[in-house]
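Down below is the structure, laid out as structure tokens.
The values are calculated or read from the model by the stated rules, or taken from the named source; none is laboratory data. Computed from a predicted structure; not experimentally measured. Please note: Cβ atoms are built from the backbone with ideal geometry, for glycine as well, and neighbour counts cover all protein chains shown. Side chains are part of the model used for accessible areas, which takes the heavy atoms of the whole protein and leaves out ligands, DNA and RNA. Shrake-Rupley method; radii C 1.70, N 1.55, O 1.52, S 1.80 Å.
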Amino acid sequence: MPELPEVEAARKAIEEHCTGKKVRRSVVANDSKVIEGVSPSELESALVGKTIIAALRKGKNLWLRLDSPPFPSFQFGMSGAVYIKGVAVTKYKRSAVSDEDEWPSKFSKVFMELEDGLELSFTDKRRFARVRLLQDPEAVPPISELGPDALLEPLQIEELVNALRKRNTAIKALLLNQSFVSGIGNWIADEVLYQARIHPLQIASRLSREDCESLHRCIEEVIRYAVEVDADCNSFPIEWLFHYRWGKKPGKVNGKRIEFIAAGGRTTAFVPELQKLIGVKSVKGKSNQSRKANPDEEEDDEGSKGEEIEKEKEIKRQPKKGKNKKVGSHRQQKVDASGDNSEEANEKEKPKKKNGKKPLAADKTQPKVVKANRNELKSLDIRAKAQAKESSKKRSGSNEASTQQKKKIRK
């Protein structure tokens with residue numbers, strides 16, 4: 001969320017209300033995570049005075065063609081959205097801004113006021129969106145790395161069948177891969193697989209031709225219908241899985257029980273009674289019936305490597321429980337330097353195993369025995385020295401006596 005229908009609704013709103021108009025004023029947020037590769041002042045200068053010629057889209061990416069380059073591009077991420085003041089733009093599930101909120105929203109990343117007073121804002125609450133300023137958005141990543149657009153460049157049935165035969169991966173994960181086909185996200189993947197009666201973990205190359213034809217038809221029908229109603233989820237058919245996949249506990253769709261598993265790294269809703277896992281070759285998924293992670297907490301599946309890396313970095317930045325946080329205090333630095341609390345120091349103190357056997361326990365009595373032996377030797381040494389001294393005196397005394405006796409005899 002947002003996926004192809006939601007981004008297409010934003011594109012159509014800009015095309016209808018903003019094209020042909022000049023940007024009078026612009027305000028860009030000082031958020032280097034979202035505003036990528038360009039400073040706020042540089043982006044503002046590139047927008048002001050330019051006329052919006054067209055709004056273009058591929059997959060879940062949108063960019064504005066101005067009367068001269070460079071052009072701003074918007075990768076919507078998890079909660080990116082376009083709002084036009086006074087214009088009803090589709091509000092998708094988990095929309096960050098409501099009509100009662102301040103304008104522009106505190107989550108606004110790029111704000112533009114047009115020459116006729118119309119105001120446009122791109123917002124992102126969860127900061128996984130990306131705004132870039134590019135000379136040719138289609139020629140560079142992430143747009144250049146995208147597969148065919150699911151709406152504008154749909155695969156023909158033979159192309160889809162041949163492509164699936166070469167893929168030994170779970171079908172849900174493949175549909176989320178934006179280099180395979182762009183624009184399909186988590187809810188669309190779940191919906192088309194449910195309607196096609198295909199298990200999310202079914203290996204793509206094992207799908208029958210009948211399954212491939214059903215999948216091809218459902219992708220086209222679901223996306224076209226969602227686009228026609230401008231991604232207004234209240235207008236989706238009541239029998240769609242979409243309406244029942246957002247709860248925190250497993251529910252039912254058309255009387256059939258819904259279960260949740262992890263597929264393609266995402267929380268996945270499916271109906272086991274209708275979506276059977278066929279054949280021995282399948283990818284195992286982790287059951288999640290308790291729904292600890294619900295779709296309201298799902299991550300985005302933009303498919304670009306850059307965004308996935310950013311998410312990993314964001315997770316790594318968070319402090320882990322049970323580990324000392326780095327602080328600037330002298331006391332903490334002293335502890336770290338001494339190594340008293342470090343795992344490395346503990347490892348050095350641990351006795352090492354040899355040949356897989358447990359190390360022999362140290363003999364606690366050994367230091368005492370050694371100490372006792374040393375004292376005893378010292379005592380013996382003192383006695384020996386005393387005895388030697390005593391015997392030496394006796395010898396010297398006897399020698400003196402014998403010398404005197406000899407003198408007497410001589411006389």
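Which pairs in the list 106/172; 12/252; 256/276; 58/172; 12/249; 60/109 are over 25 Å apart, alpha-carbon to alpha-carbon? The partial results should precede the final answer.
Working: 106/172 35 Å; 12/252 34 Å; 256/276 13 Å; 58/172 21 Å; 12/249 36 Å; 60/109 18 Å.
Correct reply: 106/172; 12/252; 12/249.
To the nearest 20 debye, what charge dipole does region 1-123 have about its Cα centre, counting +1 at the Cβ of each Lys and Arg and -1 at the Cβ of each Asp and Glu? Write out the running numbers ahead of the final one.
Working: 18 positive and 18 negative charges, 67 e Å.
That gives region 1-123 a dipole magnitude of about 320 debye.
Over region 157-270, average the accessible area per residue using a 1.4 Å probe and give it in Å², no decimals.
Values: 4680 Å² over 114 residues.
Ligands and nucleic acids excluded, the figure is 41 Å² per residue.
Taking R0 as 60 Å, what's the FRET efficiency between residue 32 and residue 209 from their Cβ-Cβ distance, rounded to 0.05?
So the FRET efficiency works out to roughly 0.75.
In region 157-270, how does Rg compare with the Kirkwood Rh, expressed as the Rg/Rh ratio over alpha carbon atoms? Let's see the in-between values first.
Working: Rg = 13.7 Å, Rh = 14.5 Å.
A ratio of 0.95.
Take residue 227, project a point 7 Å from its Cα along the Cβ direction, then tell me which residues of region 1-19 have their backbone nitrogen under 16 Å from it.
3-16
Ignoring ligands, DNA and RNA, what percent of the 1.4 Å accessible area of region 157-270 is carbon and sulfur? Mind showing how you got there, number by number?
Values: 2080 of 4680 Å².
Carbon-and-sulfur percentage of accessible area, whole number: 44.
Can you give the FRET efficiency to the nearest 0.05 for residue 88 and residue 157, using r as the Cβ-Cβ distance and R₀ = 45 Å?
Working: r = 37 Å, r/R0 = 0.82.
FRET efficiency, residue 88 to residue 157: 0.75.
Under a point spin-label approximation (7 Å from Cα along Cα-to-Cβ), what is the residue 65-residue 387 distance to one decimal in nm?
It is 11.3 nm.
Work out the FRET efficiency for residue 41 and residue 16 from their Cβ-Cβ distance, taking R0 = 35 Å, and round it to the nearest 0.05. Present the calculation step by step, with values, prior to reporting the outcome.
Working: r = 30 Å, r/R0 = 0.86.
Computed FRET efficiency for residue 41 and residue 16 comes out at 0.70.
Would you kindly calculate the translational diffusion coefficient of region 4-134, applying Stokes-Einstein with the Kirkwood radius from alpha carbon pairs, for 37 °C and a viscosity of 0.692 mPa s, and quote it in µm² s⁻¹ without decimals? Numbers along the way, then the final one.
Values: Rh = 14.4 Å.
The Stokes-Einstein estimate is 228 µm²/s.
What percent do you get for the relative contact order of region 4-134 when only Cα pairs under 8 Å and 6+ apart count?
Details: 263 pairs, mean separation 43.3, N = 131.
Relative contact order for region 4-134 comes out at 33 percent.
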